[in-house]
Amino acid sequence: MTATSTRSARAARPVPSTGRAGRSGHRPRRWRFQPAWLFAAPSLVILLGFIVYPIVQSFRYSLYNWRIGAETQEWVGLANYAELLGDERFWNALYVTVIFSVVSVVAQLILGFAAASALQRDTWLNRIVRSVFFFPTIVALAIIGIVWRFMLDPSIGLIGGVTELVGAEPIPWLQDTSLALPAVIAVSVWKNVGFTMIILLAGLKGVPEHLYEAARLDGARGWQLIRHVTLPSIRPTLLFATMIMTINSLQVFDLVYVMTNGGPLFATDTLVTMMFREGFENFNLGYASTIAWVLFAIIMALSAFQLRIFRYQDVD
Amino acid sequence: MSTDLHVRRRPSPQKALTGTLKWVLLGVGIVVALVPFVWMVTGSFRTEADLFGAPASLLPEQWSLHGYRGIWEELPFMRLVMNSFIFAGVTTALCLVFDSMFAYALARIKFRGSTLCFWLVIATLMVPFQVTLIPVFVELFHLGWLDTYHGLIIPRATSAFGIFMLRQFFISIPRELDEAARIDGAGHLRIYWQIILPLAKPALATLAVLHFMNLWNDLLWPLIVTSSTEMRTLPAALTLFGGQHVNDHAVLLAGATLSLLPLALAFFLAQRYFVAGVATTGLK
């Protein structure tokens with residue numbers, strides 16, 4: 001502390017907390033015990049031990065045919081990556097993940113924006129409706145997955161029952177290869193619309209009223225106001241919400257695992273369910289780590305992209 | 001629609017129509033948002049015959065408690081509830097202590113390496129949890145921590161997001177307060193405990209709700225760390241139970257209802273913190 005704090009303005013007063021009132025400003029480079037490390041230690045150890053070290057390890061595993069507990073691990077170089085590029089399961093999982101992310105993010109933005117602008121004013125009724133829409137956000141995906149799996153069941157589910165009332169055959173949503181993914185996406189949107197609504201609501205409240213007034217004086221009405229005033233004003237919030245939701249949905253696991261476990265016939269198999277299957281069911285730890293690293297690279301690229309966008313925002 | 005914001009009330013027929021349409025749509029939204037939960041709760045009281053016989057119905061033909069009896073008999077339910085509370089509760093408590101300590105060091109103490117520490121936090125903030133999953137699993141295997149409480153808790157007992165959020169909050173607390181305490185002879189520990197933490201209560205409460213909710217709901221982590229039924233948390237146990245044999249839907253629905261209950265109660269009592277917590281995850 002002595003070395004660095006003498007240079008700072010605050011250190012004009014001696015710091016009695018360290019119990020060393022007489023300071024020795026010379027010898028600036030000598031290591032001294034710093035209380036900061038005591039405060040930092042628990043979190044630092046956990047972050048280093050369970051995030052930083054595993055990230056490095058994860059990359060190492062991806063270069064091996066890693067088996068848990070084995071005496072020696074077989075080095076395979078980039079073979080896992082090469083295998084991944086030729087693996088049609090991987091391309092399928094990537095395709096499913098991207099479709100899932102794009103469709104659910106777009107749907108969430110549209111519905112979340114509609115809900116946020118409809119419920120923007122702080123009346124008691126609006127507040128209640130907002131809580132209702134927000135409620136699914138706090139419920140475990142495992143529970144939501146179980147309930148919706150049963151609701152979509154053609155023989156006992158409410159959806160099938162209502163379909164029958166209308167006079168049609170109940171549809172086996174989750175058992176059909178072309179309907180399972182849309183069904184899972186719909187449930188994901190149902191759960192997350194409240195989240196998007198809350199984020200966009202904060203953005204909408206920040207739009208200055210005089211902008212609307214000025215636009216109205218110019219004769220703007222209804223959709224024109226949204227198009228030319230609201231949307232440009234909440235652009236940073238929109239971009240931000242989009243990025244957060246995209247990064248979250250690229251990591252989708254819980255809902256798919258509970259509702260379909262990637263099936264039928266891999267129709268809903270995402271990158272993380274594939275990684276889980278390879279790692280924890282087939283125990284191909286090296287191969288699973290390769291999938292993890294590809295996911296990591298995609299998300300890092302998106303984050304970098306996001307940072308760039310926000311740089312531009314600052315310049316604006 | 002946002003067009004009627006602060007406009008003088010001139011009830012034109014067109015406006016009345018859009019107003020009605022808006023509430024019709026919102027009404028549909030409310031029904032869609034709530035019906036699955038209503039169906040879950042009432043379904044947990046319905047017999048198999050009833051579910052198969054009247055799938056379009058929202059209410060039980062007659063109320064039956066067999067689902068609740070079933071979940072009690074087929075799973076060590078109390079144990080699972082206890083596991084969930086231990087996992088979510090202890091991890092949240094540790095997280096708050098550790099995160100705020102690190103945040104205090106970053107916000108209030110000048111030390112060599114503080115910039116490096118800060119960048120470490122920012123970098124780990126961006127790492128998706130799934131990427132670390134396999135090596136962490138191997139690490140826990142070698143430590144012999146698989147299927148134990150400390151294996152569940154310790155790796156999750158800090159969060160880069162929490163550290164970052166608290167650091168931002170601590171920086172906003174005026175420094176004059178700790179300078180004054182320092183003159184009175186207070187050390188870092190006392191300043192942290194008696195000045196900074198009490199002032200940061202709202203931020204800590206928000207963070208606590210957010211952590212507890214995420215941990216209580218988490219599926220992937222307990223799924224890989226635990227292997228015996230006695231160590232599972234509610235979401236993991238229900239998922240695996242539902243994956244094996246569903247010969248009685250009411251049993252699983254009863255389990256789902258019961259495991260939602262604590263969070264739903266908390267939500268009604270402290271909705272503000274849930275909204276704030278979830279909103280800050282989008283505003284880091």
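The values are calculated or read from the model by the stated rules, or taken from the named source; none is laboratory data. Just so it is clear, the model here is predicted, and its values are computed rather than measured. Cβ coordinates were reconstructed from backbone atoms using ideal geometry, including for glycine residues, and neighbour counts include every protein chain displayed.
Values as computed for the structure displayed
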{"item": "Hits in the stretch A:53-99 - residues which are under 17 Å from residue A:279 (Cα atoms), acidic (Asp, Glu) and loosely packed, with under 12 Cβ neighbours inside 10 Å", "result": "A:74"}
{"item": "The listed residue being within 10 Å of chain B (Cβ to nearest Cβ), under 30 Å from residue A:253 (Cβ atoms) and within 22 Å of the chain's Cα centre (by Cα), out of A:193, A:147", "result": "A:193"}
{"item": "Test for residue A:267: is it over 19 Å from residue A:113 (Cβ atoms), in contact (Cβ under 8 Å) with a residue 40 or more places away in the chain and away from chain B (no Cβ under 11 Å)", "result": "yes"}
{"item": "Residue within the stretch A:136-144 that is touching an Asp or Glu at 6+ places or on another chain (Cβ under 7 Å), within 9 Å of chain B (Cβ to nearest Cβ), surrounded by 15 or more Cβ atoms within 10 Å (Cβ to Cβ) and touching a residue at least 24 places away in the same chain (Cβ under 8 Å) present", "result": "yes"}
{"item": "Test for residue A:131: is it farther than 22 Å from residue A:180 by Cα and either within 7 Å of chain B (Cβ to nearest Cβ) or assigned to a loop (DSSP other than H, G, I, E, B) (or both)", "result": "yes"}
{"item": "Single match in B:118, B:102 (criterion: more than 7 Å from chain A (Cβ to nearest Cβ) and either within 30 Å of residue B:173 (Cβ to Cβ) or crowded, with 24+ Cβ neighbours inside 10 Å (or both))", "result": "B:118"}
{"item": "Top-ranked residue in the stretch B:224-258 [being farther than 23 Å from residue A:151 by Cβ and of a type in the set (A, V, I, L, M); ranked as surrounded by the fewest Cβ atoms within 10 Å (Cβ to Cβ)]", "result": "B:224"}
{"item": "Close pairs (9 angstrom Cβ cut-off, 6 or more residues apart or separate chains): assigned to a loop (DSSP other than H, G, I, E, B) in the stretch A:160-177, acidic (Asp, Glu) anywhere", "result": "A:170/A:153; A:170/A:164; A:172/A:153"}
{"item": "Residue in the stretch A:69-87 that is facing another protein chain (nearest Cβ under 10 Å) and over 13 Å from residue A:292 (Cβ atoms) present", "result": "yes"}
{"item": "Condition met for residue B:65 (modelled with pLDDT of 85 or more and either out of contact with any helix residue (DSSP H, G or I) (no Cβ under 6 Å at 6 or more places or on another chain) or small (Gly, Ala, Ser) (or both))", "result": "yes"}
{"item": "Which listed residue, of A:207, A:147, A:166, is under 24 Å from residue B:254 (Cβ atoms) and either aliphatic (A, V, I, L, M) or modelled with pLDDT of 85 or more (or both)", "result": "A:147"}
{"item": "Qualifying residue in the stretch A:264-272 (condition: under 30 Å from residue A:59 (Cα atoms), touching a strand residue (DSSP E or B) at 6+ places or on another chain (Cβ under 6 Å) and of a type outside the set (A, V, I, L, M))", "result": "no"}
{"item": "Which listed residue, of B:72, B:39, is out of contact with any Ser or Thr (no Cβ under 6 Å at 6 or more places or on another chain), surrounded by 20 or more Cβ atoms within 10 Å (Cβ to Cβ) and without any contact (Cβ under 8 Å) to a residue 40 or more places away in the chain", "result": "B:39"}
